Amino acid sequence: MALISLASLLLLAGSAAANPNILYVTSYAGTITTLNLTETTPPAGGKYPSVKAVATSDGCKASPSWLTLKQPCPMLYCIDEGLETPGGSLSSYRTNDDGTLTQIGKVTTAPGPVSGVFYGAKGHGFAMAHYGGSTLSTWDVSDPANIKNVQSTKFTEPAGPNPQQNAPHPHEAVLDPTGRFLVVPDLGADLVRLFSLDNQTLQATALPPVKAKPGSGPRHVAFAVHGAKTYLYLITELGNTIVGYDVGYEGAGISLKEIFDIGVHGEGRQVPDKAAASEIVVSPDQKFLVASSRRENIYKVDSFDDKTKQIDSDSIINFSIDAGTGKLTFLQDVPSGGSFPRHFSMNKAGTKIAIGLQKDSRVVVMQRDPATGKLGDFESFANIAGEITSVIFDE
């Protein structure tokens, strides 16, 4: 697809308004697929309707790994992990009402980017964690047709004790609720890296990192804010734990004080031996936390394509958050709908969760009661070529 200039972009019709019925999905097949939840096919061999793919883009190939949507003028940014190339890439797209994407720009990055987040006074910065490249990179995206590198920081700390920890592996970049700090869990170095941000110049300054338990493999984090209290929740891929922190702000600094460390299935609940915890999300009302765990196969669910058969399913684990202490109370352990729930996201209304099942090449949409936080039945699904890496709502 030919790239267009920013001047040309400004001549085009305005960007599409946010649409909570639209899902954007990345796959290692090299595509971004747009799903419209209102366009479904009635159940055929299975129990649930299938969702129609209304558009596909291959401009983020070869290994799309993460999507980030910038509001209120919707711009979609796609990270290419570059699994079979010397480097990765970052692409920008304008979203359109019909679900198609208009590619605006693309730049080559350090190897192995797997996560990104907007920051800056006008959201004009973009920070990326490079799992494969042991790097944190930052970018000026004020002109989506002319993305510019601001910084690239290569990490060299000693690796952890597990074979998967052969080098530092930053796995996610997350902005804190104040917008002044960046949190980067590092699976390889067993660290939660912290950075202060200059939201004008976009410079990121390293602060002393927080050490995680040796061999735990920090993967992803999520914040919850309750009045004057802020909590951070870390999910570890190798330790299969959720670690809670009380977040403190002192002047120009940020601190994390550990308040608990529990198994991913909840305090006192067994974790399967081969589990690999993956995603962690706090609900829009900040009252609940949901996590996913892969490689468990502890459930059987009806096949989405043939209701006469059953398939193995990994887990989605649901907790309530104590506003006063930050501690988690177990609510539910439910099937994710298939194998390897690498990524999932919740809509802003809190009524749906979209789950990307990497090994099944499927996205499933699960119902949720925002009042109780309880997860319900599946409502629809979509089969998509390749291994699913991320799925987000268009809002």
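The values are calculated or read from the model by the stated rules, or taken from the named source; none is laboratory data. All figures in this text were calculated on a predicted structure; none of them were measured in a lab. Cβ coordinates were reconstructed from backbone atoms using ideal geometry, including for glycine residues, and neighbour counts include every protein chain displayed. Quick note on the areas: whole protein, heavy atoms, side chains included, nothing else; ligands and nucleic acids left out. Shrake-Rupley method; radii C 1.70, N 1.55, O 1.52, S 1.80 Å.
Quick notes on this one:
- Amide H contacts of M75 (H built 1.01 Å from N, under 5 Å, at least 5 apart or other chain): K70
- Residues whose placed amide H lies under 5 Å from that of S63, excluding near-sequence neighbours: E81, G82, L83
- In this simple spin-label approximation, Q203 and S152 carry label points 7 Å from Cα along the Cα→Cβ vector, and these lie 2.0 nm apart.
- Rounded accessible area of E258 (nearest 10 Å², 1.4 Å probe): 100
- Taking only protein heavy atoms and a 1.4 Å probe, the accessible area of the chain is 52% carbon and sulfur.
- Long-range amide H partners of F260 with built H, under 5 Å: G244
- Mean accessible surface per residue for the chain, computed with a 1.4 Å probe while every protein chain stays in place, in Å²: 39
- A rounded overall shape is assigned to the chain, the ratio a/c of its alpha-carbon gyration tensor axes (a ≥ b ≥ c) being less than 1.5.
- Residues within the reach of a label modelled at D98 (point 7 angstrom out along Cα to beta-carbon, backbone nitrogen below 17 Å), restricted to the stretch 23-42, are 33-36, 39.
- Proximal lysines relative to K61, as straight alpha-carbon distance under 30 Å, when same-chain residues fewer than 8 apart are discounted: K52, K70, K106, K122, K148, K154, K348, K352, K359
- Cysteines in the chain lacking a second Cys C-beta under 4.7 Å: C73
- Between N166 and E250, full extension at 0.36 nm per residue minus the direct alpha carbon distance yields a gain of 26.8 nm.
- Given their separation in residues at 0.36 nm each and the Cα-Cα distance between them, I298 and T329 gain 9.0 nm when the chain is fully extended.
- Pair E395, R269: separation of 7 Å Cα→Cβ label points (nm): 2.7
- Accessible surface for K229 stands near 90 Å², nearest 10, in the context of the full protein assembly shown (1.4 Å probe).
- Listed residues A127, A204, A16, most fluctuating in the chain (Gaussian network, C-alpha, under 10 Å): A16
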